[in-house]
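First the structure, in the form of structure tokens, and then the observations on it.
The values are calculated or read from the model by the stated rules, or taken from the named source; none is laboratory data. As the structure is a computational prediction, the values presented were derived from the model and not from experiment. Cβ sites come from the backbone with ideal geometry, for glycine too, and all protein chains shown count toward neighbours.
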Amino acid sequence: MAGASAARALAAAGLQPVVIEAERPGAGGSGFPIGLVTPRLDVGDADVAALYAQALERACQLYGDVENAVVARGVLQTPQAPRDVARFDRIAAQPIWPPDAMTILNPRQASDWLGEPMEEGGLLMAQALVVRPLAVLDAWLAGVDRRSGQVERLERAEEGWRLVAPGGEVIAEADIVILAGGGGRRRFWIGRAIPN
């Protein structure tokens, strides 16, 4: 999803991205047909929390533009630990959210919203989405130069980078390389470690 998102943004800026996949788009993801689009909930740093609130708003715009991608709007997060109840209260009270974006539901309200009995309430994130990842990948990668291949290493080229396959053949040369391969990206980092 990260690579498709980068390709979408680059294409929207008038550039010509090339996406290289070892398998198929999304193959390194969970494989689930449905995904949640929710913000990281931060109560410790107002600036970080505001960044994630803005990111959620932009993500919802982008996913909403993809035909058949959005399955449902609104996600109910239930407490996973006793401290989450107070944490949810602080999150809902943050001034970074649009009106009614974050609502605390009691068990009855949560049951009504879900349509099934709930023993506890939770935090209703009205802006959050349930999406079909494959619909998003197909839309964001439409018209993008996509190549199959496994990149073994990156080499400095005269003007940028060379992406080299295990057998030594060059898959592509590029001015800029975006590493969007999850855990596999570590082996490509030149000069310093990538944090986990």
* To do: Output the residues belonging to segment 99-127 that are of a type in the set (A, V, I, L, M, F, W, C) and assigned to a helix (DSSP H, G or I).
  => Ala110, Trp113, Leu114
* Asked: Does Tyr63 satisfy being within 13 Å of the chain's Cα centre (by Cα), free of Cβ contacts under 8 Å to residues at least 24 places away in the same chain and assigned by TED's automatic domain parsing to the domain that holds Met102?
  -> no
* In segment 139-170, which residues are touching a residue at least 24 places away in the same chain (Cβ under 8 Å), out of contact with any helix residue (DSSP H, G or I) (no Cβ under 6 Å at 6 or more places or on another chain) and closer than 16 Å to Arg24 by Cα? -> Ala139, Gly143, Asp145, Arg146, Arg147, Ser148, Gly149, Gln150, Val151
* Among the residues of segment 157-170, is there at least one that is among the basic types (Lys, Arg), exposed (fewer than 13 other Cβ atoms within 10 Å of the Cβ) and in contact with a strand residue (DSSP E or B) (Cβ under 9 Å, 6 or more places away or on another chain)? -> no
* May I ask you to verify whether Gly14 is farther than 20 Å from Pro133 by Cα, outside the structural domain of Glu120 (by TED's automatic domain parsing) and free of Cβ contacts under 8 Å to residues at least 24 places away in the same chain? => yes
* Is segment 20-30 home to any residue that is at positive phi and either small (Gly, Ala, Ser) or touching a residue at least 12 places away in the same chain (Cβ under 8 Å) (or both)? -> yes
* Asked: Quick one: which of Ala172, Ala135 is assigned to a strand (DSSP E or B) and either in contact with a Lys or Arg (Cβ under 6 Å, 6 or more places away or on another chain) or not β-branched (Val, Ile, Thr) (or both)?
  -> Ala172
* To do: Can you give me the number of residues within segment 82-140 that are under 30 Å from Glu67 (Cβ atoms) and in contact with a Phe, Trp or Tyr (Cβ under 7 Å, 6 or more places away or on another chain)?
  => 5
* Collect the residues in segment 35-53 that are in contact (Cβ under 8 Å) with a residue 40 or more places away in the chain and within 24 Å of Ala4 (Cα to Cα), keeping them in residue-number order. => Gly35, Leu36, Val37, Thr38, Pro39, Ala53
* Please enumerate the residues belonging to segment 117-127 that are buried (at least 17 other Cβ atoms within 10 Å of the Cβ) and in contact with a helix residue (DSSP H, G or I) (Cβ under 7 Å, 6 or more places away or on another chain). => Met118, Gly121, Gly122, Leu123, Leu124, Gln127
